[in-house]
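Let me begin by presenting the structure, written as structure tokens, before commenting on it.
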Amino acid sequence: MLIYGLFLLLYNTVTEIPFQDASMDIWDAKYRLKTKDGIALDGSIDETYQRVAKALSEVEKDKNKQEQYYKEFLWALRQGVIPAGRIISNAGALEHKPATSTINCTVSGTIVDSMDDILGKVHEAGLTLKAGCGIGYEFSTLRPKDAYVSGAGAYTSGPLSFMDIYDKMCFTVSSAGGRRGAQMATFDVGHPDVVEFIRAKRENGRLRQFNLSLLITTEFMNAVKNDQPWPLSFPVTEKEVKLDKLDLSDSNLIIWRELPCKDGYVVNNDGLVACKISKTIPARRLWDIIMSSTYDYAEPGFILIDKVNEMNNNWFCEKIRATNPCVTADTWVQTEQGPRQVSAILGQQINVLVDGQLHQSGIDGFFKTATKDVVKLKTKEGFNLRLTDDHQVRKITHLDRYNLETEWCAAGQLNEGDQVLLNNHRQHAHWNGKYSENQGYLIGLLVGDGTLKEDKAVLSVWKSAQVMNSDINSLNAGVEAIMDKVMTATAEFNTRSDFKGWSEIAGRNEYRLSFAGLKTLAEELGMTPGNKCISAQIETASSEFYRGFLQGFFDADGSVQGSQTKGVSVRLAQSDLPRLEAVQRMLLRLGINSTVYRNRRPTGITKLPDGKGGVADYKIAPQHELVISGDNLAVYQELINFTDSNKAAQLEFALKNYLRSLNRERFVATIESIKPDGCEDVFDIQVPGINTFDANGLHAHNCGEQPLPPYGSCLL
């Protein structure tokens, strides 16, 4: 009665929260039931809830229970309960999507060592992947390479050859929704073919549809610790014992092991399986092979299978043998809602953006994994990322004019000169968020050529002095275009009645503009007097704000340089390196790659305009420069460009008169260094299927997912 009373209390007190536009877009694109022609069958989100609740309640045979659970499921959904993605998408949709599943991911049943079962499980897996599920398998139940098969009168090709079949099947079958399938293969550390499994992905193109993981036992870890030999063995049948006259009491020939598959094998009274030792290897030698492969090729993974089963709440009724397929808190992640730092989205299910495509994370979003030592990965182009040295990023293995091939590599195993893959978001360079393009333009000018004081924010522009017989009007046209745009932008603010716009500063060829609204906006965006930083608030703003901000900044401090022979570029010089690195991240999110050249000009004394019509000596800090080139210039012109009509005309002329095609951007960066960078909390995320996310622009791998028993399903 108490629980029912609490239920009624919640029912009557939960406040309804309206859906955001992004929520409606995701629902329509991913979960709304539609016909094959795209006609919506769910008229509203509530109709989706009703469809799901009805389908779930119809599991009950009794009509009264169906009605009861329909109401309770519908209430829960309306109060914010979110089932697994496949449930929302496919429950109650059988008439329109009969081949789909309500299960996100699953683990295959144990693959028995027979041709019938091997091919039967391929058939099951193909249908599972076609229905939209990821799937995991254990392949160490198959006899090792060159073992004799009496029924066929031949020697087997081993489990790796059968994995190749599963790999090709997965590559061929398209999952529901158009995604490629996701597979995980596990393998026992005591199997005779374990070394071949560890080294499988060293072959170019092999098993690329799999994530690989070793099942590491406590017994093996103890053997490594004590520097003992490690036996590699496989179960024997009664027939093999008789034919080969095996002595089951000979500990040099037979060991007894706990294995998931016992049928057909010799089993003792304790339920242990007799396994024939085919060879031994020093445990530490095998450990070194595992570690070197993990560091060099980022495969295989490492599953402490005894610990997994020990900590499994269902230990009494299931054995886990497979799984279905860390960065710091300040890492920037590109999401459907725009850029977010990990610290701001902990525990939230999100849609991450990878190469311009959206992928849904696990329901827990980012979660803390540990407190660990971290390294700082720096590229020669200016990108950087702080992460643990075992966290994998996508390394370029081959790059030519037509092809680009990659593999996962632990950060700690990258070397200077290695190339890594950046994200290309040109297909998704728009996201909603706070602040407008005009607000962005004013803040960009303020960062570039403005002053933030205790009492006001001031924008400044300079016109050229009048010179006899010069076409000074054309020189000033660009400045006047900026001044006009600023006046248009200020219309979004509630300016005072005495606001007069630009004011000329006598004897300096300078014009200034200030108003309280700009100072308020700057402070809201994290700026303070003397600190015009590109803050987290600026980086999380809308894409429209981005375009305005970058245009304003480049109008103030940018330039168009180069020639047809040396190449054309758009450049931005600053003494503040973090500011340029932030601009680089912002550009990349719009699909514009760039390079930051550190210390392009050293500290020194140089002559600069003194604001009085002359020049004077000024001490300058080291200057760094951001450079945009290649086909990034065309994207820059389309999305950002200049309000300064002179600079805009320069860029237009340069691109129109280019004698050859612009160099195609490959979105690749080159490692400059990997150095220790302290110890702190680190975090990870699960992104089923694609298993990666955008971390400061780089492709970063996500973690493994939940361990499951045979035919267990993931409901994340």
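The values are calculated or read from the model by the stated rules, or taken from the named source; none is laboratory data. Everything numeric here is computed off the predicted structure, so don't read it as measured data. Cβ: placed from backbone, ideal geometry, glycine included. Neighbour counts: every protein chain shown.
Of all the criteria given as (1) farther than 25 Å from residue 686 by Cβ; (2) surrounded by 18 or more Cβ atoms within 10 Å (Cβ to Cβ), the one not satisfied by residue 84 is (1).
For residue 209, state whether it is of a type outside the set (Gly, Ala, Ser) and more than 21 Å from residue 294 (Cα to Cα). It is false that residue 209 is of a type outside the set (Gly, Ala, Ser) and more than 21 Å from residue 294 (Cα to Cα). Listed by first and then second residue, the pairs with beta-carbon distance under 7 Å, at least 6 apart or on different chains, first residue in segment 51-63 and closer than 14 Å to residue 31 by Cβ, second surrounded by 16 or more Cβ atoms within 10 Å (Cβ to Cβ) and acidic (Asp, Glu), are 51/42.
Taking segment 401-457 on its own, how many of its residues are part of a helix (DSSP H, G or I), out of contact with any helix residue (DSSP H, G or I) (no Cβ under 8 Å at 6 or more places or on another chain) and either aliphatic (A, V, I, L, M) or closer than 26 Å to residue 574 by Cα (or both)?
1
Tell me yes or no: at least one residue of segment 375-391 is under 30 Å from residue 480 (Cα atoms) and β-branched (Val, Ile, Thr). Checked against the condition, which is being under 30 Å from residue 480 (Cα atoms) and β-branched (Val, Ile, Thr), segment 375-391 yields no hits at all. Just one of the listed residues (445, 422) is more than 30 Å from residue 293 (Cβ to Cβ), among the aliphatic types (A, V, I, L, M) and either buried (at least 19 other Cβ atoms within 10 Å of the Cβ) or not assigned by TED's automatic domain parsing to the domain that holds residue 332 (or both), and it is 445.
Can you pull out the residues in segment 88-118 that are within 25 Å of residue 162 (Cα to Cα), surrounded by fewer than 21 Cβ atoms within 10 Å (Cβ to Cβ) and under 31 Å from the mean Cα position of the chain (by Cα)? Selection gives 109 alone.
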